[in-house]
Every structure is written in C-alpha cells, then in structure tokens.
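First the structure, in the form of structure tokens, and then the observations on it.
Each reported figure results from applying straightforward, stated rules to the coordinates on display, with no laboratory input. Please read these numbers as outputs of a predicted model, since none were measured by experiment. In this analysis, Cβ positions are derived from the backbone assuming ideal geometry, glycine residues included, and neighbour counts consider all displayed protein chains.
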Amino acid sequence: MSTLFRKVHIVDPASDLHHAVVDLRVDDQGRIDAFGEALEVKETDHVVAADDLHVSPGWFDHYAHFRDPGEEHKEDLESGAAAAANGGFTAVAVLPDTDPPRDNKSAVAYVRKRAMDLPVALYPYATITQGLKGRDLTEMHDLRDAGAVAFAEGHRPIRHAGMLLRALRYTQPMDGLVLSLPLDLDLVGKAVVHEGLEATRLGMAGMPYLAETLMLQRDLSILRYTGGRLHVPVLSSAEGVALIRAAREEGLMVTAAVPAYQLLLDDRNLDGYDSNMKVMPPLRSQSDREALIQGVLDGTIGAVCSHHAPQHQDDKQVEFEYAGYGIAGLETAYASLRTALGDQATPERCCSLLGRQPRQWFGLPQPRLDVGAEAELSFFQPNKPWTPSPGQSRSKARNNPLFGRTLTGRVYGIYASGRWLPAVHTEHDAG
C-alpha cells in the first residue's frame, strides 16, 4: 500500500522543495514516488493528514541505552526501537555498556542481526576497553569493520588518561570517533545533585562543576597532543560550554552534544524530590542551563541527544539518594528541545540538531527528500501543545519526569523501513 501525506511542510535545506508545502506520496516499495500540489488519491493510497504537519529527513539519536543484553526488563532492542519511533527517530546509536559489554565482534553482530527486522535502524557502539575494565583497549579496527559506529564506555568515563590517548591514536587511520564522558568520579563521591544553593536547601550531597570541567580539560589536552576525533556526548555546565567553544575556535576536532532535558530542566525542579529527576551528570543551575541553550544557538553544541536511560520502577520508586540515574527521554526529546528554545527552535534548527549534524559526525548516510529515494522520514507538528503520559509511551520504562507536563512540539510519526508508524498519541487523533 502506498501512503499519501497531505500538505506537508518540507524541512530539508538540501532539497529544492525546502519550505514548500506539498503533498508527498511514498509508494508500496517504501520509496518517495511524487511531490505535488493536490496529488490525486489512488485506490492504493493510505492518506495521512494533520494540521501544520512538517516532514524532514529521518532523525538520528546518537546516545541511548537499550539495556540489551543483560537488563531487558528495563528495555530491550524491540521496545527501545518502538520508543525511538514514537519519539520521531528513524535511527539510534545504542551504547555498549551492556551485560556482557559490547567489546567483541559477536556482540556487535548481535545488535546488527536483531535490528534487521526493526523499523528503526540501530547502530551499535563498541567499548573502548575490554570488559569496560579500563585496562586494555579492544580490537578497535576489527570492531569498526564488524559494524561498530563509534567507541565509548557508555555511561562511564574513561578514567585513565593513557586509554584515551591510545584510543585517539588507534582510531585516526580509520577516521574513527571516540566518545568521552567528562566526569571525574573522584569528585563525584556520594553526590547526587548539583552543588549549589538548591542542594544545601534540600539537604543533599552536591557535585561541583569541576567534576565535569577537570575531566574535560584533560581530554582536550590529550586531543591537542594526539589529534583524532573526540565527541563529548553530555555537557551540563556553563564552564564546560566555554571550554568546548575555546577548543573549537582553536581548531581541535571536538564536537559536543547536550541531552534535551538539560535544556529544559535545572536544579530548581528538584523541589519535590522526584527521583525521575536524578540524572548523571546532574541537573545544574539555571545559569548553566541558559549557557547550554546559548551553546546550542551559537553552534558550540552541535547536536541534541535523548540520553535515554530507562530504569525499572523498582530502581526509581525509592528515596532520591538510592534511586537509579537517568531519564527515559527518547519520546520527549524533540518536545523538550522545542519547548526549551521557544521561538528560536525553528524546524531547520531542530532537525539539524536531532538528525543532520550527528549523522555527519558519525559518517552515516543522510536520508534524502528526492523522488526515487528510500523514504526515511520524521513527521512533526512544531506548534502543537501536548501532554506526554505513560499511556502514550512505547518504552518499557516510565522514568520520565515530563509525564503530565504540557510541552510544545509534537512528533506525529515516522516513515521508515517501508512502513508508516504513527506516534501513539496520533493513532486516535483526528488531526
């Protein structure tokens, strides 16, 4: 069955139709068949229409944990892919700190094989060190040949400077990308929130921004010495943004991203001791959040990720200090970004941050809005208010503090792998 999308706003600077409002048909083979005004409806067409419907090349989330293998009760590849589709993403890079860790070719092949029947493309990371133990590098060249999209320790920092130095050197001949989480665990200690007035008021141990900036200074110094390509997937502080800005002006090959929720929430949101607000690095101050937004607007931060970290309710429905870290953020990433940036969250900017720019960094193909191209598309309504709820989620996890909060910007669905997948909340929406 072909699918006809009525009056969609095209968001693709690489297309001659950028900014046009046209009908779009995808044929029964999953390829873009035609654009035009008031295309004739064929008998085989399934018609999709909604107010203010926008379409862009498919989005790519480059920092998500699907907990598979090892903790499938929190999330598995199937439920994670469903959540990604529900959040508007047609592709996701999945972190390697699973159980066992993804440190060998068979572990990479496991993800690639399981993903073949999923509507969302999954790109596996491989670990930097064997067994995530921080002592010996993995066989990085073999892992890259097996399909690893990049190298990371997942939610763990690279504690030993020598490991990062060698990883940057070994990946240069293959133009590989190394991720480093800037977090000095020796400065984290027992801290669970950002160090500041809110931590004092709430009576909780606070983490200084130095836990981020000292490690970031180390990483940038090593990059300056070795060369290579370094990606900082999670920035949380104003000082961190300043360091990245200076490094990029210097010409270092460093890129940076921020979780969407860090642009929307800060430590003032901890008032109710909601354990779903417990993340690592922590929600920092209002001024830090404003600096992160400025970093996005001026291009210092080139991408926004979900930092999807699903937790079982047993790990969250406990006292704040004992709760697991993370937000299951795939399904609210776009709305968080759109709401946080307000009028500055143009469709072009959001689609670049959520798709085009991270795809470029990771060397992934850019979906095209051209006749004859395979349809890999994200559909969204940038001005539509909506209130996410657990009943609208396709993730196994429910650790999202944005449930019940009205946001601006709603994902309508994706077209990928030859099928139209409406977002859950649109299935019974008259548009």
Quiz item: Okay, which of the range 8-35 sit inside 15 Å, backbone N to the point 7 Å along the Cα-Cβ direction of Ala49?
Solution: 8-9, 22-25
Self-check item: Choice from Val21, Val92, Val55 with maximal GNM fluctuation in the chain (Cα, 10 Å cutoff)
Solution: Val21
Quiz item: So how do 386-393, 180-187, 256-263, 308-315 stack up, highest first, on mean other-Cβ count within 10 Å?
Solution: 256-263, 308-315, 180-187, 386-393
Exercise. Would you mind calculating the relative contact order of the range 134-250 from Cα pairs under 8 angstrom and at least 6 residues apart, reporting the percent as a whole number?
Key: 27
Quiz prompt | Dimensionless Rg/Rh of the chain - Kirkwood Rh, Rg from C-alpha atoms | solution = 0.96
Quiz item: Quick one: length gained pulling Asp186 to Gln317 fully straight, 0.36 nm per residue minus the C-alpha distance?
Solution: 44.4 nm
Quiz item: Considering only DSSP beta bridges whose two residues both sit in the range 58-362, what percent are antiparallel, to the nearest 5?
Solution: 5
Self-check item: Separation of the Met174 and Lys113 label points, Cα + 7 Å toward Cβ, nm
Solution: 2.0
Self-check item: Relative contact order (%) - criterion: Cα under 8 Å, at least six apart; region: the chain
Solution: 20
Quiz prompt | Average projected area [Cα convex hull, the range 10-85], square nanometres | solution = 7.6
Quiz item: Taking 0.36 nm per residue of separation and subtracting the Cα-Cα distance, what length does fully extending Lys7 through Ser389 add?
Solution: 134.7 nm
Exercise. Sticking with the crude label model, points 7 Å out along Cα→Cβ, report the distance from His19 to Arg135 in nm, one decimal please.
Key: 6.0
Quiz item: Within the range 81-115, whose backbone N sits under 14 Å from a point 7 Å along Cα→Cβ of Asp142?
Solution: 103-109
